[in-house]
Amino acid sequence: MARGKLEPAALARAERAQAETGERLDKVLTRLGLVGERDVAAALGEQLDLPLASREDYPVLPLTAEALPTKFLKDSRVLPIALDETQVTLAMADPLDDFAAEAVGLRLGLTVARRVAVAAELEDALERLFSAGQGSLEQIAEAAETAAEESTEADVARLRDQASEAPVIRIVNLLISKAVEARASDIHIEPFEASLRVRTRIDGVLRPVEAPPSRLSAAVISRIKIMANLNIAERRLPQDGRIKMVVRGKEVDLRVSTLPTLHGEGVVLRILDREGVVLDFDALGFDAGTKDQLLGLLERPNGILLVTGPTGSGKTTTLYTALKHLNAPEKKILTVEDPVEYQLDGVKQVQVRPKIGLTFAHVLRAILRQDPDIIMIGEIRDLETAQIAVQAALTGHLVLATVHTNTAAATITRLLDMGVEDYLLTSTVVGILAQRLVRRLCPDCRESYEALPELAEQIDPKGTKITLYRPHGCKACNGTGYHGRASILEILPMTDDIRRLVLRRAEAQELHRTALDLGMRSMRRDGLLKAQAGLTSFEEVARVTSAAEG
């Protein structure tokens, strides 16, 4: 608690569990997902006055050769990381395990210096050093019964049994845990005729990872469907589900989507890391100017604020951050979402269920009778939802919503095309925020260079020399040159000049040009300024804004 990592209520919950099980408190905390393994290791190190072992401390090759059995090291979760004539330095997931430390000392005939290890990092090192040249997934797959090759899609009972076998369960858990450790946002599992491909999306870019053998495709996919409470017998129709689990001491939600393809069901798991999401405008990439402009729009007592961009551009996170800013005891906030991605304290959140008729429009009508002050709509998809949003704004509510368009100006023409009357748009919409996500340059390895004159002129028309930065790659960013993502934005306020253009049905290009003349900073301009500040690279800005601007 002194480190600010644990709420009093969470500590009380852990102490109750400790009283029931008799486990040590630190183990209870990580098992319940209340505190991350690194935080527990750091706290243990401080308490015991022991250094924390870092990833760089683990050796490239085993230091003790055959002297210490691999099974003992893995079961005890210890690993020698330094060795000299008199002493062995031992990384320990449990530095209080005197038996393991004494056993290593007696076997090697040396004194033992203990280091506190982060359990996940220690296990990764053990797998790397003692996997006998095989990937861990491959090793697990070898333990799977050969009956997997004989199972047919029609044999649902056998498939269910196979999906419940220990090797298949370990494979799925390993795929998920490695993706969470790598900060992936999605896991893509894609069966082909003779192979199974697995890719993870990290910082917006898909990367291939080690995949299980193709003979286990059906079993792996069935295991995921069982975890998500889906029907494993139904392979002809898409299905959606949700998994809640604790990975490396972190509580994560996974949204599961299946899709029938030519060679089997493809599965995508969206990873929603409750601890990893940061609902703070500064952390999301808002500079002082755009943040103040957005907060000014949020202070309006009524009206519609729209956030727009393609799928995966951070719209929902921006809206959640706005709701966190607005959340106060004197305000009632209701949301309608599909799905509810993160739970916000003090906010009433509703998940739509189209299969039973609980659509956006249906929920919104009910919400208006609940006397809310602020309403958040996950997405305006049709005219009916748009009309209810307009009605809510006209009757004194602040409405936050998302729309799928490329630019802020295009959002207005999209709503007009849906059938919303122009005079209603001009009287209810207070502003539109368009955004994209760019990868952040790794601060440890980025390289500076002088921009070409043509590019420098785009950033500063005065013709001064401009320094930009490019990715290089290091251990901290796994050789990619990037670590994390940030938003680039444009905010279009509904001024009188814009209203006049809307009323005469002006094209999106004209609206955009007028907004720029009135002082709006375009997404590309915002991105170039962030590239100049070293937050991202010019190539990233060009990649994500090419569809939005010519």
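The values are calculated or read from the model by the stated rules, or taken from the named source; none is laboratory data. Nothing here was measured: the structure is a model prediction, and the numbers come from that model. Virtual Cβ from ideal backbone geometry, glycine too; neighbours counted across all protein chains shown. The protein model used for the area step is the full one, side chains on, heavy atoms only, and it has no ligands, DNA or RNA in it. Shrake-Rupley method; radii C 1.70, N 1.55, O 1.52, S 1.80 Å.
Helix 383-394 and the long axis of the chain differ in direction by around 70°, with both axes built from C-alpha atoms.
Annotation: lysines with alpha-carbon distance below 19 angstrom to K244 (same-chain offsets under eight excluded): K178, K225.
Where both partners of a DSSP beta bridge lie in the chain, what percent of those bridges are antiparallel, to the nearest 5?
Numbers: 54 of 84 bridges.
Roughly 65 percent of the DSSP beta bridges within the chain come out antiparallel.
Could you report the chain's accessible area per residue, 1.4 Å probe, as an integer in Å²?
Details: 26630 Å² over 550 residues.
Value returned for the chain: 48 Å² of accessible area per residue.
Computed over protein heavy atoms with a 1.4 angstrom probe, the accessible surface ordering of S427, S76, largest first, is S427, S76.
Would you kindly calculate the mean projected area, averaged across all directions, of the convex hull enclosing the Cα atoms of segment 254-338, in square nanometres? Walk me through the numbers before you get to the answer.
Working: hull surface 31.4 nm².
For the Cα atoms of segment 254-338, the hull's average projected area reads 7.8 nm².
Overall, the accessible surface of the chain at a probe of 1.4 angstrom is composed of carbon and sulfur to the extent of 50 percent. Site pair E15 and F192 shows an inter-label distance of 5.7 nm when each label is modelled 7 Å from Cα along Cα→Cβ. Label separation (T495 vs S257): 3.8 nm, computed from points 7 Å beyond Cα along the C-beta direction. Once the Cα atoms are used to define both axes, helix 523-532 deviates from the longest principal axis of the chain by about 50 degrees.
The listed peptides 430-437, 120-127, ordered by packing as a protection proxy, come out as 430-437, 120-127 (highest mean of other Cβ atoms within 10 Å first).
Would you work out if segment 267-426 is rounded, prolate or oblate? Take a ≥ b ≥ c from the square roots of the eigenvalues of the alpha-carbon gyration tensor; rounded if a/c is under 1.5, else prolate when a/b is larger than b/c, oblate otherwise.
Details: a/c = 1.22, a/b = 1.12, b/c = 1.08.
Here segment 267-426 falls in the rounded category.
The slack in the chain from L48 to L83, taken as 0.36 nm per residue of separation less the alpha-carbon distance, amounts to 10.4 nm. S257 sits with roughly 50 Å² accessible to a 1.4 Å probe, with DNA, RNA and ligands left out of the calculation. Principal axis extents of the C-alpha atoms in the chain (largest first, rounded to whole Å): 86, 64, 51. Put the Cα centre of segment 485-550 next to the Cα centre of segment 458-475 and the gap is 20 Å.
Which of the three applies to segment 325-378, rounded, prolate or oblate, going by the alpha-carbon gyration tensor with a ≥ b ≥ c and a/c under 1.5 meaning rounded? Because a/c hits 1.5 or more and a/b fails to exceed b/c, segment 325-378 counts as oblate. In this structure, Q351 and M418 have a Cβ-Cβ separation that, at R0 = 30 Å, corresponds to a calculated FRET efficiency of about 0.80.
Please find the FRET efficiency linking L129 to L106, where r is the Cβ-Cβ separation and R0 is fixed at 25 Å, and quote it to the nearest 0.05. Spell out each step's value before the answer.
On the way: r = 22 Å, r/R0 = 0.88.
About 0.70, to the nearest 0.05.
In segment 56-134, how does Rg compare with the Kirkwood Rh, expressed as the Rg/Rh ratio over alpha carbon atoms?
Numbers: Rg = 11.4 Å, Rh = 12.4 Å.
My calculation of the ratio gives 0.92.
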